[in-house]
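The values are calculated or read from the model by the stated rules, or taken from the named source; none is laboratory data. Bear in mind the structure is a predicted one, so any value in this text is a computation, not a measurement. Don't worry about glycine lacking a Cβ; one is built from the backbone with ideal geometry, like all the others, and counts go over all protein chains shown.
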Amino acid sequence: MKDIRPLSPKEIRALIRQGKWDKPTAGLAMGYAQANLVILPEKYAFDFLLFCQRNPKPCPLLEVLEPGRFRTDFLSHDADIRTDIPRYNIYRNGVLEGTIKEIKSIWKKDFVSFLLGCSFSFEEALVRAKIPVRHIEENKNVPMFISNIPCKTAGVFHGPMVVTMRPIPSEQVSRAVQITSRYASVHGAPVHIGDPAKIGIRSLRKPDFGDPVTIKKDEISVFWACGVTPQAVVMRAKPDFCVTHTPGHMFISDLLNEELACL
């Protein structure tokens, strides 16, 4: 990653569009907000919008595009949502059909795109405070787990919350909570601290998405709501078609993280 970290969000999106970067985006364009993606046929759009409104912790809305639109207005002004994410997941009837690098070839005029806040955005603030972010240190994708925390139902959409886990030194946990609380639009404060079994996670060595990371003896597992929640929900609700980002492969915006912070 070192060779492209200094590049601007626009330059990184260009590399992604050209097929030159198809890896996770954690640690890229530090200082700039990243976003999760959900694309649904218009017939599901209201239900999903309501789902996000009722579940702002895992699904903090940053931008919604009108049917057929693929250019963002708020997060950037030159991005193409069909090409500027490293990898896309394609779901049909709740089943993951495949992962592809662009969706121009399958784009339809009734597609509604939702961009949701991502916890990668508050990681910069943790790093500035000298709080370790292990998956960045180990050049891995953040570990993500399907918890037993239920989301509030909206229309056809229902299911469990997905959470990310970051091991934090015990003496820095309260500071991590304080820092991330400022970023409500990118998941905010943790939803659980400590014993993973209490939220239905059997093994931290076997994440449902992403990669396992090292947990040291003096560290506590801290869990934040995750924008991959819609993918777990889609697998339960089974809409006939849905496109999402591949977990960890985010949309990189031109918006600064601090513009999303509660100052």
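Determine whether region 85-99 contains at least one residue that is more than 17 Å from the chain's Cα centre (by Cα), farther than 24 Å from GLN231 by Cα and not assigned by TED's automatic domain parsing to the domain that holds VAL162.
No - not one qualifying residue is present in region 85-99.
Between ARG82, ARG87, ARG92, which is more than 19 Å from ALA232 (Cβ to Cβ) and of a type outside the set (Asp, Glu)?
Matching residue, one of ARG82, ARG87, ARG92: ARG82.
Return a yes/no flag: does region 49-58 have any residue that is farther than 28 Å from HIS158 by Cβ, assigned to a loop (DSSP other than H, G, I, E, B) and in contact (Cβ under 8 Å) with a residue 24 or more places away in the chain.
Checked against the condition, which is being farther than 28 Å from HIS158 by Cβ, assigned to a loop (DSSP other than H, G, I, E, B) and in contact (Cβ under 8 Å) with a residue 24 or more places away in the chain, region 49-58 yields no hits at all.
Tell me which residues, restricted to region 121-139, are in contact (Cβ under 8 Å) with a residue 60 or more places away in the chain, in a helix (DSSP H, G or I) and under 11 Å from THR214 (Cα atoms).
ARG134, HIS135
Those residues that are under 15 Å from the mean Cα position of the chain (by Cα), part of a loop (DSSP other than H, G, I, E, B) and crowded, with 19+ Cβ neighbours inside 10 Å, I need them from region 208-228; list them, please. Outline the logic, then answer.
Here is the first cut: in region 208-228, the residues under 15 Å from the mean Cα position of the chain (by Cα) are 208-211, 223-228.
Now narrow it down to the ones that are part of a loop (DSSP other than H, G, I, E, B): 208, 210-211, 226-228.
Scanning region 208-228 gives GLY210, CYS226, GLY227, VAL228.
Between a first residue in region 184-211 that is under 17 Å from ARG134 (Cβ atoms) and a second residue that is hydroxyl-bearing (Ser, Thr, Tyr), which pairs have beta carbons less than 6 Å apart while being 6 or more apart in sequence or on different chains?
As it stands, the answer is PRO196/SER221, since those pairs meet every condition given.
Of the numbered conditions (1) outside any strand (DSSP E or B); (2) out of contact with any helix residue (DSSP H, G or I) (no Cβ under 8 Å at 6 or more places or on another chain); (3) closer than 29 Å to ARG92 by Cβ, PRO247 satisfies every one except a single condition; which is it?
(2)
Scanning for something in contact with a Lys or Arg (Cβ under 6 Å, 6 or more places away or on another chain), assigned to a strand (DSSP E or B) and more than 18 Å from PRO167 (Cβ to Cβ), does region 98-114 turn up at least one residue?
Yes: one or more hits.
What's the number of the condition PHE51 fails, among (1) at pLDDT 95 or above; (2) touching a helix residue (DSSP H, G or I) at 6+ places or on another chain (Cβ under 8 Å); (3) surrounded by fewer than 14 Cβ atoms within 10 Å (Cβ to Cβ)?
(3)
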